[in-house]
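Below is one structure, written out as structure tokens; the observations come after it.
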Amino acid sequence: MAHALNLTLKLKQDAETKKKLGEFAKSFATKVQPLIDAALRKSKIVHFARVVVIGDGEYLQVLTEYDGDKFGYTEFFRQELPQIFGAVFSMAEGAPADINALINDKDAFFEFAKKTDVKCVGEGKENNSDGSTKDDGYLFSAYDFRTVKDNLAKINA
Amino acid sequence: MLDDVDLELDNIQGLLVRGYTHSCSCHILVNAPTADALRKLLAYLRLHVVGAGDWGDEKPASVLNVSLTFAGLQALQLSTAVYDAFPSDFKELPDQGRTGDFNDSAPEFWWQGRFKTSDIHAAVPIYGVDEAALTDRCDKLRQELSRLNIRELRPMGNGDALQGRALPEHRVHFGYRDGISQPNVRWGKHGAFGKGPEVDFRNFLIGYPSSELHPWPIGGIGDVFRDSSYLVLRWIGQDVATFNRYLDDNCAALAPELPRDEARELLAAKLIGRWRDGSPLVLSPTHSDPSLEDANDFNYSADPRGESCPFSAHIRVMNPRGQELSPHVKKEGIPQIIRRGMPFGPEMEGSTDDGRSRGIIGMFLCSSIRSQFYTLASWMKRNDFSPVFDANPHFQDPLANHKLTGVDTRFVIPRAGQTDCIVTLQDFTVTLGTAFLILPGIKTLEFLSQSP
């Protein structure tokens with residue numbers, strides 16, 4: 001079944017970052033959303049996706065449900081949306097100073113995404129062809145193991 | 001355009017560059033009690049390890065290579081900077097979710113329960129031209145292990161180490177000739193030794209970062225580990241009786257017009273993508289062709305409906321040459337991996353199990369476990385890497401574990417001018433053990449054998 005991504009970034013609280021966050025949020029609908037939308041549709045592996053800012057700009061989360069291997073998923077979006085991830089990671093505490101190096105290195109990008117991905121509570125399902133284990137935490141899907149491609153094939157039939 | 005780096009072949013362990021043609025092997029797995037003991041072992045092994053330089057006309061009677069797990073590197077008590085430089089997939093134990101190792105293949109059953117994967121510090125693959133040469137080399141190593149009080153981990157039920165024996169004609173237990181589909185690596189200035197599109201050596205070697213490929217570790221630690229490679233050790237059991245019975249039971253559905261033996265061979269070819277003599281189905285769809293038994297320079301662009309070679313056939317899944325890839329994997333491309341391995345256990349024929357253990361000791365070499373080994377394992381487990389599977393991304397490689405939820409165990413065999421033949425897959429293999437190791441460059445081995 002699908003996997004959850006709970007990318008959770010503790011944001012820097014300096015004035016420059018707060019300004020950056022404000023601009024990011026303000027321009028999200030017109031400048032960021034269309035790019036994310038296009039990439040997500042192209043991938044055919046993401047069920048749902050959203051970005052939330054928590055509190056007074058204390059945290060930013062990228063929350064998605066996706067199919068398949070985590071590395072393949074992460075690598076696709078690193079390659080499709082480098083500027084957006086660069087902008088988001090540059091606001092995060094713990095991100096390396098050289099954000100370009102992070103974005104341009106698939107291992108560095110994967111490791112950072114992995115470090116900031118918060119596990120769901122509970123137990124995941126095992127014995128699943130999608131690669132989940134108990135350690136992944138609980139994620140409910142009304143579609144069991146059905147993927148985006150399964151659902152699109154039915155819808156477009 | 002691949003550059004012409006002047007690789008120092010003598011600094012690269014031979015196993016990476018050469019497929020050894022020795023007839024028997026032994027994989028000695030060890031757990032060292034102290035850092036000092038492990039360093040002394042590495043110092044001993046450094047004197048005997050074989051590099052990739054030219055052997056000349058005479059093949060050595062035995063060859064030895066050395067690899068370490070992350071636990072082994074930790075046991076050496078190196079600096080934190082070294083440990084931090086490695087990717088998490090090497091540092092962590094093999095992830096059963098990503099390999100599909102559940103049920104009988106679950107890690108809790110690995111190594112016959114005689115030890116845990118986390119106990120392994122080093123694996124020493126040794127090859128011999130014959131039993132005497134192999135035994136001689138192994139005995140000498142075991143004397144050194146005894147002197148250093150290092151425990152050998154022996155996973156066989158009878159207390160033996162992992163021992164391989166070549167079968168006639170380079171075949172494996174399911175009857176196929178093996179070792180054909182290897183990437184044609186361009187080893188820098190030394191060129192490529194095979195046929196087909198050339199592959200950048202950085203897919204297998206650490207320490208030469210380019211703008212496209214910079215496998216970890218990089219930077220200063222990457223320099224220390226230059227000429228190293230990751231080695232995935234996979235101990236796989238093969239159920240020959242079930243496989244033969246499966247061919248018997250299902251061949252008539254595929255080709256009722258053919259004599260039974262021919263139908264069996266056709267089904268065997270459809271599952272793997274090569275006839276058992278090695279000739280690729282896509283080049284010779286109706287019969288084996290000995291002139292093509294070593295063919296490795298072909299693609300599937302002329303077989304868009306899978307009527308020659310089914311989309312889910314093993315070699316087509318492992319390397320869908322020239323086939324369109326799904327958007328989410330297209331930019332990364334087809335993972336390349338070097339395979340080494342040898343069968344273990346006695347041969348058998350027929351479809352009545354004899355209760356003996358047999359299969360293959362596989363070693364998969366790459367510079368990124370995550371983007372190469374794990375990606376291919378995921379493609380086997382679920383064929384979702386190409387638009388040809390968009391209508392149903394749940395089919396599987398015939399050699400995958402089929403007792404998973406969310407899979408479609410049907411194997412579809414398209415036939416020109418006829419309806420598809422559909423057979424239901426069964427489990428033919430079981431994972432008996434997996435370990436992630438690094439095959440260090442020889443200067444790296446020297447560094448690791450010294451006190452910090």
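The values are calculated or read from the model by the stated rules, or taken from the named source; none is laboratory data. Remember, it's a predicted structure, so these values are computed and weren't measured experimentally. Backbone-built Cβ (ideal geometry, glycine too); neighbour counts: all protein chains shown. Areas reflect the complete protein model, heavy atoms only, side chains present, ligands, DNA and RNA absent. Shrake-Rupley method; radii C 1.70, N 1.55, O 1.52, S 1.80 Å.
Roughly what would the spin-label model give for residue B:422 and residue A:17, points 7 Å off Cα along C-beta, in nm?
Using points 7 Å along Cα→Cβ, the separation is 5.4 nm.
Would region B:1-148 count as rounded, prolate or oblate if I go by the C-alpha gyration tensor, calling it rounded below 1.5 in a/c and otherwise prolate when a/b exceeds b/c, oblate otherwise?
rounded
So between residue B:74 and residue B:286, what do we pick up on full extension, going 0.36 nm a residue minus the alpha carbon distance?
Between residue B:74 and residue B:286, full extension yields an extra 71.0 nm.
Probe 1.4 Å, all protein chains in place: accessible area of residue A:5 in Å², nearest 10?
Counting only protein heavy atoms, residue A:5 exposes about 20 Å² to solvent.
How many angstrom lie between the Cα centre of region B:149-184 and the Cα centre of region A:66-128?
Between the Cα centre of region B:149-184 and that of region A:66-128, the gap is 38 Å.
What order, most packed first, do the peptides B:383-396, A:54-67 have when packing is the mean number of other Cβ atoms within 10 Å of each residue?
Ranked by mean Cβ neighbours within 10 Å, highest first: B:383-396, A:54-67.
Suppose the chain between residue A:100 and residue A:33 were pulled fully straight at 0.36 nm per residue; how much longer would it get relative to their current alpha carbon spacing?
Net length gain for the segment: 22.0 nm.
For region B:315-381, just say rounded, prolate or oblate: build the C-alpha gyration tensor, square-root its eigenvalues into a ≥ b ≥ c, call rounded for a/c under 1.5, and beyond that prolate if a/b exceeds b/c, oblate if not.
The shape class here is prolate.
Using a 10 Å cut-off on Cβ atoms, rank the peptides B:329-338, B:343-352 from the highest mean neighbour count down.
Going from most to least packed, we get B:329-338, B:343-352.
Where both partners of a DSSP beta bridge lie in chain B, what percent of those bridges are antiparallel, to the nearest 5?
Taking every DSSP beta bridge with both residues in chain B, the antiparallel ones total about 95 percent.
Under 5 Å between amide hydrogens, which residues at least 5 positions from residue B:338 or on another chain qualify, with H placed 1.01 Å from N in the peptide plane?
B:365
At 1.4 Å probe radius, can you tell me the per residue accessible area of region B:206-264 in Å²?
The answer is 40 Å² per residue.
Considering every residue in A:135-146, what mean count of other chain Cβ atoms within 10 Å of its Cβ is obtained?
Mean inter-chain Cβ contacts per residue within 10 Å come to 1.
Summing -39500 (n - 2.57) over the DSSP H runs of n ≥ 4 in chain B and dividing by its residue number, what mean residue ellipticity at 222 nm do you reach, to the nearest 500 deg cm²/dmol?
Result for chain B, helices only: -6500 deg cm²/dmol.
What shape does the protein assembly as shown take by its C-alpha gyration tensor, where a ≥ b ≥ c are the square roots of the eigenvalues and a/c under 1.5 counts as rounded, a/b above b/c as prolate, and the rest as oblate?
Judged from the Cα gyration tensor, the protein assembly as shown comes out oblate (a/c at least 1.5, b/c at or above a/b).
Taking region A:100-157, which trypsin sites (Lys or Arg not before Pro) meet the DSSP loop condition and have no more than 14 other C-beta atoms within 10 Å?
Answer by residue number: A:119.
Counting partner chain Cβ atoms within 10 Å of every residue's Cβ in A:122-129, what's the average?
Mean shielding by partner chains, rounded to a whole number: 6.
Report the number of Lys pairs in region A:8-114 whose alpha-carbons are under 15 Å apart, with separation of 8 or more residues or on distinct chains.
So the count of such lysine pairs works out to 10.
Mark the label point 7 Å from the Cα of residue B:10 along Cα→Cβ and return the residues of region B:27-55 whose backbone N is within less than 20 Å of it.
From region B:27-55, the list is B:43-55.
What does the structure give for B:319-332 when I average, per residue, the other chain Cβ atoms found within 10 Å of the residue Cβ?
4
Would you mind pulling out the separation of the Cα centroids of region B:81-145 and region A:2-40, in Å?
Measuring centre to centre over Cα atoms gives 43 Å.
Under a point spin-label approximation (7 Å from Cα along Cα-to-Cβ), what is the residue B:353-residue A:151 distance to one decimal in nm?
Going by the 7 Å Cα→Cβ label model, 4.1 nm.
Using a Förster distance of 30 angstrom, determine the FRET efficiency expected from the C-beta separation of residue B:93 and residue B:158, and round it to 0.05.
0.70
On a straight-distance basis, which lysines could pair with residue B:40 in a cross-link, Cα separation under 22 angstrom, same-chain partners fewer than 8 positions away excluded?
B:140, B:443
Full-extension gain between residue B:142 and residue B:294, please, as 0.36 nm times their residue separation minus the C-alpha to C-alpha distance.
Going from the current span to full extension adds 50.9 nm.
Could you rank the peptides A:135-144, B:265-274, A:80-89 by their average count of other C-beta atoms within 10 Å per residue, with the highest value first?
By packing density, highest mean first, the sequence is B:265-274, A:80-89, A:135-144.
In debye, nearest 20, what is the charge dipole magnitude of the protein assembly as shown about its Cα centre with +1 on Lys and Arg Cβ and -1 on Asp and Glu Cβ, if you could check?
For the protein assembly as shown, the charge dipole is close to 980 debye.
What FRET efficiency do you get for residue B:331 and residue A:142 if R0 is 35 Å and r is their Cβ-Cβ distance, rounded to the nearest 0.05?
The pair residue B:331/residue A:142 has a calculated efficiency of 0.65.
Can you give the % of DSSP beta bridges in the protein assembly as shown that are antiparallel, to the nearest 5?
Here the share of antiparallel DSSP bridges comes out near 95 percent.
Probe 1.4 Å, all protein chains in place: accessible area of residue A:70 in Å², nearest 10?
The accessible area of residue A:70 comes to roughly 70 Å².
For the modelled label position 7 Å from the Cα of residue B:258 along Cα-to-Cβ, which residues of region B:304-329 have backbone nitrogen atoms closer than 20 Å?
Residues passing the 20 Å test: B:304-317.
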